Every structure is written in structure tokens, then in C-alpha cells.
Amino acid sequence: MQTQSMSFRKRPVTACTECRRRKQKCDRERPCNHCVGRNVPTMCNYDYPSPGREVTLGGHIPVLQTPPASTIDDQSSVLGTDYRLRDQIGYAYTGDGNYLSKLQEEQMVEGDRGIQAIKFQRSIPLPETARQELCDICAKLPPRLVMRELIDIYFTEANWYFAVLEQYYFEKLYNSWCSLNDYSTEHGQAPDLPPDLLHFPALLFHVFAVSLQFLSPETNCSRALGVDSFTARDHLSSKYSTSGVDIARIMGALDPTITAVQNDLMRALWLKNCSRGREAWHALGSAIRKAQDLGLHQQSKVYQTPRSTLEETLTELWYDEYKRRLWIKLFSWDSHMAFSLGRPRSINVSDCTINPPLDCDIPADPSTRIPMTLAPHEPPSSFTPHIFQYAICQQAHEVMSLGAHKKNFIDYALIQGVHDKIISLLNNLPPVHRPINPDTSWDASYPNISKQRQQISTAANSFLMALHRPHAKTHAASRHAATQAALATLDAQEQLFHLMATSYSSIYALCIYTLEAGIFLSVTILEHPPADMDILHGILRAIRKAIHRLELAQERVSLAEPGSRILKACYQKIQASAQARPSWHGTAAYEANPFAAASFMSAPFSSGAQIEQSPDQRSEIFGYTSGPGISMSDDIPFDGTAMFEDITQPNFNMEAWVRELGQSDDLGWASLP
């Protein structure tokens, strides 16, 4: 009778059998707090009532039921206790600093692959309120055909540049997620879910949010979503990103997964494209902490056991490659924001033991190919620019660790040494990806390669400009090198802008790199006017193109409007200075150490960084009008010396500086919203 009465119990039972028998409050962990305290973790089991009515998440994924008990042997129960102890003590899940990691290492060496399989895969029971909230959020997902088109747009238009996701593993998760939807529709209940799938809807929302930033209004997807303008598109993109954040909040950060890391990184990407750099830095920090909790910064070990097949081992090797690629993206973003934007670093290089990833694409079937670099006759790798950026960022870490990014650095030869390393990295690129004299035989088959060359050129030259900028005031050689690197950066940005569709104007990098290089050139020639008229003409021509690009992007990127205003003001100030000085000849701006400067100037920064000639340079300089901007007058203060002092600071934050100066009434501008 007791069994029969319990089977009709209406209130769901969530406590384990031991806590229910002893009438104790259970925390629903596996094992729970009371079973751990009584040293009987193996007795911590759960029984559940029959599934009730079907509840689905917006017709896409069912509400997550409390996971049923699974068969756990003594060894896995002990492992669960170990993970609980780690959470209580604060140990890292990986590394050599605690006995729990060493115990797990010994168990793995003995060939227990099951332990590795359940690592970080504990079930996450969700309260009823959380399940209902998750249901309401997922109801906002678009139909499956629209989702498919948005996913294709992201991987076609955006991922080649950002490389946050690997398509093979994303599609694998997406197919599992869709199969779960089909299963729940057929059976009226959801099967057990691993944590990666629990976090997947959040990642899906952010993929859609970023895809919308690249979506053309003429597509079927735009019509289906009802976004016929950039404003409507950006509004829906913001709503999708907010939904992803809400799901991540529900899931919490106690059980991190690779999907959760990617979700935070996609959030940072979306924020950067919205010119919300400070918030992007915080989202990046969250992704880094989760990745470190997972141990992505440490090289993992793949074990070949007598029970494993060759296909299984190859699959694990490629999965390890996949994790390393995710980590170097986090590393590169952290380094860039530290070196170029003055943010503190979240990653310590001495903590990282990871091996660099291979320069190849992950195959469609990882179980059929051995991980190795490409042969000369094979198609080029789409991941080459990101490995190059990783190498650049390693140099940035070295520069910051030695203090070479600060003014008055004693060992100036180190700056030239780092400069030479970057040039060597450029020269050692695969011929198809070299910015100078590339092999273009693959361009017709792989249209993104020509864009990636400019991406590589931008990464190299923007780093060189940032490397020399703090020393430009005291070293003429650095001033020469930074000027040449800034010109090459603007040239690469111009070519990249023309290679991309107009929808790409929302990419944050296309504005911030242009602003950094354009403002550096403008302020530098105001403080140190060049003696050569050809150099002046080339700089002004590059600045005019930069202003034009920023004007095209200002409706999509909020940073572009104040940036273009500053460049216009600088340009008009240069015109005023040129009119006041009949000839720029005789202004020996680069007289100090001309031989050292010449060594920098001879470096092959970019094939397009040459000074262009014009039959009437003076008329072009004085006759150009920078559009409906401000008008310079003698009573408007414009302190070029103070601006040059600002931009040569070691922790110069271009974004904050542009926004602050763009809202300044001293330049006669109205406050920006």
C-alpha cells in the first residue's frame, strides 16, 4: 500500500532516497551534502515520478526535467565526491597543485576513460521556476529554416574573420539539439542533457545576434524576421543577445563548459561590434575565467588504451586541437586589449602550458585524418591569420612583461629586436597568405584569402605602430617606424573595406584600427611636420580615405562619428599650418639618428604603403574640404602638442580618448548622445 500511495504522489520528489527516509533537507547534489557528511556517497540515489504533461521550449526544446538517476559505480561516486571537495576548498580542476588532480591522473593512466568522459558533465537540476523561465526565453527562437540560414550566414560572412567557433563541432551540437527537439515531440519528455547542450541555446542566440549584424535586407531571412532596415536589424540583434545573456544567467557559472566559454566570447564579439568595448572586456574576462576553470590553458593528455580504436583516438586528438584553438583566441583578445587599449591582462603566460595549434583546417570527419600540418600541394588553411595573431600577441606579452611598452625604456635595442621578429613572422607566412607578393593561385577557389591577407597586414602593422608609439617622442627611428606602420595599416584597412560588402562596416576592428592609425598620423605631423612634401601628401591622402570610411560607418558604429570629427579637425589644422608655412622644406623633423630611422623605413610593412604622387600636391592639400564638419578658427583651442603627448602614453586608450575629445566643447562640437 505504501508503494501504491507513493506512486500517486502529486508533489515532485527531489530529495535523494536517504534524505527522504531520514526526513532531512537535501541539496540535490550527486552525492548530496548529507550523504557526503555521513560518508555514504554510494547510497545517494534519486527516484522520480512518472513524467507529466509535455512542456517544450517554444516548440524547439523541451523544458528540462530533473535528471533521473544514472548507474554510477563506486569509482565515479568517489570522483563526484572529489569534485565537490574541490569546489569547497577552491582547488583548480586541473594542474599539479593538489592531490585530487594527481589522483585523477593516476586513474587516467590506468586506462579509466570513463573518468575523462564524465569530467565536468555532472547533471544540473533546474528548479521549476528556472525551467519555466528557460522555456519562455527559448520561445523567442526563430523557426528552424530561419535558424539554418542565420547559422550559414555567420560561418560564411563572419567566422573567417573572428574564428570563435569551429563549424564541425558547432554543427554536431546543433544536430544533437535538434534531435532532442524531435525526441521530445515524439515521446513527450526530454532525455538527460549534458551541460554543453544546456548552454547551447545561449550560444545559439548569440550566433544569431552576430549574424544579424552581417545580414543583408534583401535575403529571405530578413523578410521572414521582418527586419527591413538596419535599425530593425540591430534592434532584433540586441534582443537575441539579451536572451543569450539571460540563459547564461539561469545556467550559472558553477559548471563551466566549452559552450559556455564560446557564449561569453560571442557576447564580447557582439559588444565590440556595437562599440561597447568596456563591456566586451568584462565579457571576455568571464570567458577567460571559465576557460581556465576548464583547464584550457594547460595542455591536456590524450591516452591510447588497448580498448580504444584508432578512430576514437583520432577524434580525441582533433578535439584537443579544437580546445587549443579556442584558448589562443582568448589569449589573443586579452593581449590585444591589454597592449593596444591599455587594459590589464587576465592571462599570465607562465600559467599556460598549451601547445600552439596546427596550421590546418579541422576535417569534416576527424576520425579519418591524422592531425598534421598541410603539405605544399594541399588547399590553404583558413586558420593561418589566427595563428599569426597568436604569435603577434605572444610578442606583446613579452614586451609588456619587460616594460618595453613604457616611455624611456633603457634597452632600446629590444624594440628593434621585437620589430625584426614581426617582420620575420611576415616573411615566414605561407606564400598564399603573405601580404607582399602573395601566391594568388587559390584566390578564385577561396575568396576569403584576399581578405585575410589584409587582416594579417592590419594585425602586424597595428602592433608595430603600438610598439613604437610610446617611443615616438624621444626616438626619431620609432617615429619613422610608427608612421610607416600607420600608413600600412590604413592601406590594409582601405583594401579590406573595399573587399567586403557595405554591411561589414559594423565590424569594430574596421573602425578602431583606422582611428588609431589616422589619429596617430594626424597628431604626429602636426607636432613633427615632415620635411618631404611627398610624405605629407601621402599621409593626407590616407587620412582623407580614413575620414570617408568612418563617415560611411558612423550610422552603424557609434565610435566612428566622434572619430571622424577628430580626424576632420586634425586635417583642417594641417591645412591651416600648411597655408601659414609656404614651404615645408627645411623642417628637419627626423634629424636624430637618420641611419636607425632608415633601417626601419626599409622594412617591407605592406605592398600598398608607398607614397602616391600627384601632379599638383599643394592644390590637393589646400583645396580639399573635409565635408560638413567644423570650421577651424583662431579662437578655438587645438593643442597638437598635448594631443601628441596623449597618444604616446604607454597605456593610451584610444576609444576612451576619442569619446572624451569627441564630446569636448573646446572643439566646438555638440555633446554626443
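The values are calculated or read from the model by the stated rules, or taken from the named source; none is laboratory data. Being a predicted model, the structure only gives us computed values, none of them experimental. A quick note on method: Cβ atoms are made from the backbone with ideal geometry, for glycine too, and the neighbour counts reach across all protein chains shown.
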Practice problem: Taking Thr483 as the residue in question, decide whether it is at negative phi, surrounded by 24 or more Cβ atoms within 10 Å (Cβ to Cβ), more than 27 Å from the chain's Cα centre (by Cα) and of a type in the set (Val, Ile, Thr). | Solution: yes
Quiz item: Is segment 249-260 home to any residue that is without any contact (Cβ under 8 Å) to a residue 40 or more places away in the chain, out of contact with any Asp or Glu (no Cβ under 6 Å at 6 or more places or on another chain), part of a helix (DSSP H, G or I) and assigned by TED's automatic domain parsing to the domain that holds Gln213?
Solution: yes
Quiz item: Is there a residue in segment 135-149 that is under 28 Å from Gln292 (Cα atoms) and either at pLDDT 65 or above or part of a helix (DSSP H, G or I) (or both)?
Solution: no
Exercise. Return the only residue of Phe388, Phe497 being in a helix (DSSP H, G or I), modelled with pLDDT of 95 or more, out of contact with any Ser or Thr (no Cβ under 7 Å at 6 or more places or on another chain) and not aliphatic (A, V, I, L, M).
Key: Phe388
Exercise. Could you please let me know if Pro530 is outside any helix (DSSP H, G or I) and closer than 28 Å to Ala404 by Cβ?
Key: yes
Practice problem: Go through the residues of segment 299-313 one by one and say whether even a single one is in contact with a Gly (Cβ under 6 Å, 6 or more places away or on another chain), under 24 Å from Tyr169 (Cβ atoms) and at pLDDT 95 or above. | Solution: no
Quiz item: In segment 6-20, how many are assigned to a helix (DSSP H, G or I), surrounded by 10 or more Cβ atoms within 10 Å (Cβ to Cβ) and either at pLDDT below 70 or not hydroxyl-bearing (Ser, Thr, Tyr) (or both)?
Solution: 4
Practice problem: Look at Leu330 and say whether it is more than 21 Å from Ala460 (Cα to Cα) and either buried (at least 20 other Cβ atoms within 10 Å of the Cβ) or of a type in the set (A, V, I, L, M, F, W, C) (or both). | Solution: no
Quiz item: Among the residues of segment 261-277, which ones are charged (D, E, K, R) and touching a residue at least 40 places away in the same chain (Cβ under 8 Å)?
Solution: Arg267, Lys272
Quiz item: What residue, of Ala460, Ala472, is more than 22 Å from Ala560 (Cα to Cα) and at pLDDT below 90?
Solution: Ala472
Self-check item: Residue among Ala517, Ala531, Ala553, Ala546 that alone is without any contact (Cβ under 8 Å) to a residue 60 or more places away in the chain and over 33 Å from the mean Cα position of the chain (by Cα)
Solution: Ala531
